[in-house]
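Undergrad: Sharing a structure here in C-alpha cells format.
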Amino acid sequence: MWEKRPVLLLLLATAAILVGTIVTMVLPFFWVNTEADAIAEVTPYTALENEGRDIYVREGCNNCHSQLIRPLAPDVKRYGPYSRSGEFAYDRPFLWGSRRGGPDLARIGNKYSDEWHYRHMVDPRSMVPETNMPEYSWLNDAKVDAAFAVRKMDVLGFPYTQGDITALEGKTEMDAMVAYLQKLGTDLPRTGKAADKAKGLRKAEENPLGGDPAAIAEGKDVYAGNCAGCHGADRGGNIGPELAPGDFEDDELFDTIADGLPDDGMPGFSRLGRDRIWKLVAFLQAE
Amino acid sequence: MERVDYNDSIVKGFVIWSLVWGAVTVLLGVIISFQLVMPELNFGPYLTYGRLRPIHTNAGIFGWGIGSFFAALYYIVQRLSRRRVWSDGLARFQLWFFNATIIAAAVTLLLGFNTSKEYHEMEWPVDLMIVILWVIFSVNAFMTIWKRREETMYISLWYTLAALVGVAVLFLVNAGAVPVSLFKSYSIYAGTNDANVQWWYGHNAVAMVLTVPPLAVFYYFLPKAANTPIYSHRLSIIAFWSLLFMYLWTGAHHLLWTPVPDWVETLAMAFSIMLIAPSWGVVFNGYLTMNGQWHQMRDNYLIKFFIAAITFYGLQTLQGPLQAVRTFSAFIHYTNWVPGHIHMGTMGWVSMVMFGAIYYMYEKMYGREVYSIKMANMHFWLVFIGQTLFSVSLWIAGVQEGIMWKAVGADGSLTFTFMDTLISIMPYFWIRSLGGLVYLAGVLLFFYNIYKTARPGAAVAQTA
C-alpha cells in the first residue's frame, strides 16, 4: 500500500528514523551536563583563552589533534587521567576530534612552558625535529579584537571583568592560542604527591646502571627522542637548562625526569619506565 | 506507449558541475596528503592542512556526492514517474544555487569560517543556503512523484523519498547554533551532548547522503544496464525498512570509550552489528540479479562498475560494524585505519556506482554508445587500483599505530614515543599519495571520455 502512496511512505520513513533518534540522541540530554556529571572545579574560559579556542577552531586544529583521553591504560599512561563528562560542560562546540595525526591535547595545559609553545607554533621542527605539524608563525602578526571578544563572552554567558577585557589590548592571536593550550585539562586538581610516586618507581638512591657503557648508549637514544628539543642535542641547554654531568645526584635526576617540574614547564616522563629513566640518568652523568 | 519529453538538460547540468567539484575534491585530497609528508607545503594562513581538509571533505560529500545524486535522481525520478520534472524553472534555479552554495562553502572555509563539526564545518549563512537548496530539490522531486503516471513506486523512489526527510532532520538539528556575527556562531549544545548530536549527524550523513541515494541509483541502474529485473522485491522491502530503522541508533560508535553514557555506546555497538543484515540484503539482491548474467562482467563495462561498487559497499558494511565493537575500536580509533575505511566507501562504493550511472545516462541521453569503451575500462582499473593502494596502505598504517601506541614494556612503561610512531608510518603516507594520484588519473580519463561522448557530432571511436 505504501508503495503507491508517497505521503504515507514519507510519514513511515520519518517514524522509522525518529525512534533511534529519540532514544540515542534526545534521551542522553537527561544524563549529560546535569548535576550527575558536573565537576565543581571546572571553570569557563577567560576572554583570552576563549579567543585562543576560536583560533584553534578556525585553523582546524581538531583535524589532527584529539582532546579526549579514553579510560584505556595506554591512553592514560601517555596523556594523563581519562576525560570526564563534566570537564567539557563549557565546550561549545566540543573538540574531541576523531584522529590523532598529532598527540592528544586534552591535558596539554602546564605540561610545557609558554616559551616552548611560542617556539613550537612558530617553528615546530625547532622543538620536535621530525614532526609534520605546519608552522603558525603568522599568529604573531594578528591582534585579537577586544570588542568582538566581549560579544562572544556575552553569547556564551561566560563571566569576565573590565580588567580582563582591557588586558586583551595588544595581545596577539599567538598569545591567545598559548593561553588556551595552557588551560586545557588543568581544572582538575593534581592527585597524589608527585614526589612519592617517583620514589615508588625509583626504588634505589643510586643508579644501578651507572657507568654501564651499554646503558649509556641506550640512554643517549632516549635523550635524543625525548629531551634534545628543550635541552639541546649536545646537552648544552635551549629553553631548558644545560645538563652537565655531576650537576645533580642520581636520585634527584630520576625524580625530576619521572615527575617533571610542572611549575617550570618540564613535563614528566614516567611513561619511559624505571629501566629507561636509569639509562637516561647514566647517559646524563657520563662525560 | 506515449513518449515522454524528459528534462535531460538538468541531468546534464548536474553531471557536469558534480564532475567539476569531484575534480576539486580529489585534487585537494592529493594536495593535503602531500602536506602530511612534506609539512613545508603548508602555506599559511589559507593553504594549511587544517583549512584545506574540510574543503576536501565537503566538496566531496556535497559537491561531487550530492551533485551527482541530484543528476541521477532527476533522471530516475522522471523516468519512474513517467513524466517530466514538475518544475523546469525550479530545477534550473537549483543548479545555479547549488554551485553558489558550494562556492560559498569553499570560500568561507578557506577564510577560516569554520564550526569545527566534521562534515558540517560551514558557518550558519552557508547552512541556510544548504537548507534552501534541499527544500527546492525536495519540493521538485516530491511533486514529480506526486503527479506520476505510474501507480506503483519502484524501489529507487522509496530511497529517494527517505533521503529527502532524513537529510532534512539531521542537518537542521545538528546546525543548532547561536550566531555572534555573520561568520561566527557557537553550538547550542555543549561538550558531551554536542559530541553525541554531532556523531548522530555525522554517522547518519553517511546513511542519508552516502548510502540511501546511491542505493536508489544502484537499484535503478544495475537492472537497466544488465537488462534483467532485480532478483527479489521482498528482499528489497525488508532491506529498505530495516536499514532506515537501524541506522539512526549507531552514531555513538564514533564515541566509544568517551564520557557519552555507556548504554548509548552499547546500543550503537549492537545496532551497528545488526546493520550488516540490511546492508548485505542489498548486496545479495545485486549479486543474485546477476544470476546467469555473470558473463556481462566481461562483456559489459557498466556491470563492472556496478558490481565492484556493490562489493565495496559489502566490504564497507562488514568493516564498519567491526570497527564499532568496543575492543576493536580501542585498537584502531584515532589511527589512519579510519580514513582508509571511509575512502573505501567514498572512492570505492559511492564514486564507482556514480561513474557507472553517468556513463549509462550519457549513452541514453545522447543516443549513442560511450566514446571509448577501452578508455572506460582503463578508467575502471585506474580508480580500482588507486582506491586499493589508498585504503590498504592506510589500514596497515593504522594497525601499526594501534600496536605502537599501545606497546607497553615489562615494567609498564610505554615503548614508543608519539614521534616514533609518526615517523614509522611515513612510507604508508607516500603510498597513499601515490594511490590518490592514480585515482586522479582515472577520474581525468573519465571526464575526457564523457566530454567526447557528449560532443556534438562526435565521431564514435568504438572498439570492444
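Undergrad: With label points built 7 Å along Cα→Cβ from the Cα atoms of residue B:4 and residue A:126, find their separation and express it in nm.
TA: 6.7
Undergrad: Here is a follow-up. Which whole number gives the average count of other chain Cβ atoms within 10 Å of the Cβ atoms across peptide A:80-87?
TA: What the average comes to for A:80-87 is 3.
Undergrad: Related question: Using amide H atoms built in the peptide plane, which far-off residues or other-chain residues are under 5 Å from residue B:185 H to H?
TA: Sorted by chain and number, the residues that satisfy this are B:180.
Undergrad: Moving to a separate point now. Estimate for me the total accessible surface buried between chains B and A (protein heavy atoms, probe 1.4 Å, no ligands or nucleic acids), in Å² to the nearest 100.
TA: What B and A bury together is about 7800 Å².
Undergrad: I want to check a number: in the stretch A:47-183, how many lysine pairs have alpha carbons closer than 21 Å, given a sequence separation of 8 or more or different chains?
TA: 9
Undergrad: Other chains near B:334-343: what is the mean number of their Cβ atoms within 10 Å of each residue's Cβ?
TA: That works out to 2 on average.
Undergrad: Suppose every K and R has +1 on its Cβ and every D and E has -1 on its Cβ; what is the size of the dipole of chain B about the Cα centre, in Debye to the nearest 20?
TA: The calculated dipole for chain B is roughly 1380 debye.
Undergrad: Ignoring ligands and nucleic acids, what accessible area does residue B:53 show with a 1.4 Å probe (Å², nearest 10)?
TA: That residue has around 40 Å² of solvent-accessible surface.
Undergrad: What whole number of Å gives the distance from the Cα centroid of the stretch A:52-72 to the Cα centroid of the stretch B:196-252?
TA: 32
Undergrad: Within the stretch B:409-431, name every residue whose backbone N is under 20 Å away from a label modeled 7 Å from Cα of residue A:212 along the Cβ vector.
TA: B:409-416
Undergrad: Carbon and sulfur together cover what percent of the accessible area of chain A at a 1.4 Å probe radius?
TA: Heavy-atom surface of chain A belonging to carbon and sulfur, 1.4 Å probe: 55 percent.
Undergrad: Run the accessible area of chain B with a 1.4 Å probe and give the carbon-and-sulfur part as a rounded percent.
TA: The nonpolar share, carbon plus sulfur, comes to 71 percent.
Undergrad: Just subtract the alpha-carbon distance of residue B:325 and residue B:178 from 0.36 nm times their residue separation and send over the number in nm, one decimal.
TA: Here the answer is 49.4 nm.
Undergrad: Let me ask you something else. Please name the residues of the stretch B:176-194 whose accessible area, counted over protein heavy atoms with a 1.4 angstrom probe, falls by no less than 50 Å² between the chain alone and the full protein assembly.
TA: Buried-area filter returns B:180, B:184, B:186, B:190, B:191, B:192, B:193.
Undergrad: Continuing with this model, one more query. Kirkwood hydrodynamic radius, computed over distinct alpha-carbon pairs, for the stretch B:222-346: how many Å, to one decimal?
TA: 15.9
Undergrad: Continuing with the same structure: Would you mind listing how long the stretch A:194-285 runs along its three principal axes, going by Cα atoms, in whole Å with the largest first?
TA: 33, 31, 22
Undergrad: Using Cα pairs closer than 8 Å and at least 6 residues apart in sequence, work out the relative contact order for chain B, in percent.
TA: 14
Undergrad: On each of the three principal axes of the Cα atoms of the stretch B:146-259, give max minus min coordinate, whole Å, ordered largest first.
TA: Here the Cα extents, ordered largest to smallest, are 54, 36, 22 Å.
Undergrad: Same structure, new question: Taking the Cβ-Cβ separation of residue B:318 and residue A:166 as r and a Förster radius of 60 Å, what is the calculated FRET efficiency to the nearest 0.05?
TA: Here the calculated transfer efficiency is 0.50.
Undergrad: So, one more: Starting with the highest mean, order A:206-214, B:190-198, B:339-347, A:8-16 by the number of other Cβ atoms within 10 Å, averaged over the residues of each peptide.
TA: B:190-198, B:339-347, A:8-16, A:206-214
Undergrad: Run the reach check for residue B:364 against lysines, Cα to Cα strictly under 23 Å, same-chain hits fewer than 8 apart removed. What comes back?
TA: Here the lysines satisfying the reach criterion relative to residue B:364 are B:12, B:224, B:304, B:374, B:452.
Undergrad: May I ask you to derive the relative contact order of the stretch B:161-291, considering only C-alpha pairs under 8 Å and at least 6 residues apart, and to give it as an integer percent?
TA: 27
Undergrad: Can you classify the stretch B:53-133 as rounded, prolate or oblate using the Cα gyration tensor, where a ≥ b ≥ c are the square roots of its eigenvalues, rounded means a/c under 1.5, and otherwise it's prolate if a/b beats b/c and oblate if not?
TA: Because a/c hits 1.5 or more and a/b exceeds b/c, the stretch B:53-133 counts as prolate.
Undergrad: Quick one: putting +1 on the C-beta of Lys and Arg, -1 on the C-beta of Asp and Glu, what dipole do you get for the protein assembly as shown around its Cα centre, in Debye to the nearest 20?
TA: Charge dipole, the protein assembly as shown, about its Cα centre: 4200 debye, nearest 20.
Undergrad: Report, in deg cm²/dmol and to the nearest 500, the calculated mean residue ellipticity at 222 nm for chain B, where each DSSP H run with n ≥ 4 adds -39500 (n - 2.57) and the sum is divided by the residue count.
TA: Counting only the DSSP helices, I get -23500 deg cm²/dmol.
Undergrad: For chain A, build the charge dipole from Cβ charges (+1 Lys, Arg; -1 Asp, Glu) around the Cα centre, then report which of A:14, A:126, A:172 sits farthest towards its positive end.
TA: Among A:14, A:126, A:172, the one farthest towards the positive end of the dipole of chain A is A:14.
Undergrad: Taking each residue in A:145-151, count the Cβ atoms of any other chain within 10 Å of its Cβ, then average. What number comes out?
TA: 1
Undergrad: Whole percent per 20 Å bin, from 0 to the bin with the longest distance: what is P(r) over all C-alpha pairs of chain B?
TA: 23, 60, 16, 1, 0
Undergrad: Before I look further, what does the stretch B:1-188 give for accessible area per residue, probe 1.4 Å, in whole square angstrom?
TA: So the stretch B:1-188 comes to 35 Å² accessible per residue, rounded to a whole number.
Undergrad: A further question follows. In µm²/s, what is D for the stretch B:1-155 at 20 °C and 1.002 mPa s, where D = kT/(6 pi eta Rh) by Stokes-Einstein and Rh is the Kirkwood radius from Cα pairs?
TA: Here the translational diffusion coefficient equals 127 µm²/s.
Undergrad: If you don't mind, another one. Cα centroid distance between the stretch A:120-173 and the stretch B:46-95, in Å?
TA: Centre-to-centre distance over Cα atoms comes out at 38 Å.
Undergrad: Counting only C-alpha contacts under 8 Å and six or more residues apart, can you give the relative contact order of chain A as a whole percent?
TA: Normalised by residue count, the contact order of chain A is 20 percent.
Undergrad: Take the alpha carbon gyration tensor of the protein assembly as shown, find the square roots of its eigenvalues, order them as a ≥ b ≥ c, and report rounded if a/c is under 1.5; if not, report prolate when a/b exceeds b/c, else oblate.
TA: It is prolate, given that a/c is not under 1.5 and a/b is the larger ratio.
The values are calculated or read from the model by the stated rules, or taken from the named source; none is laboratory data. The shown structure was predicted, so the numbers you read here are calculated from the model rather than taken from an experiment. FYI the Cβ positions are ideal-geometry reconstructions off the backbone, even for glycines, and counts take in every protein chain you see. Side chains included, ligands, DNA and RNA excluded: accessible areas come from the protein's heavy atoms. Shrake-Rupley method; radii C 1.70, N 1.55, O 1.52, S 1.80 Å.
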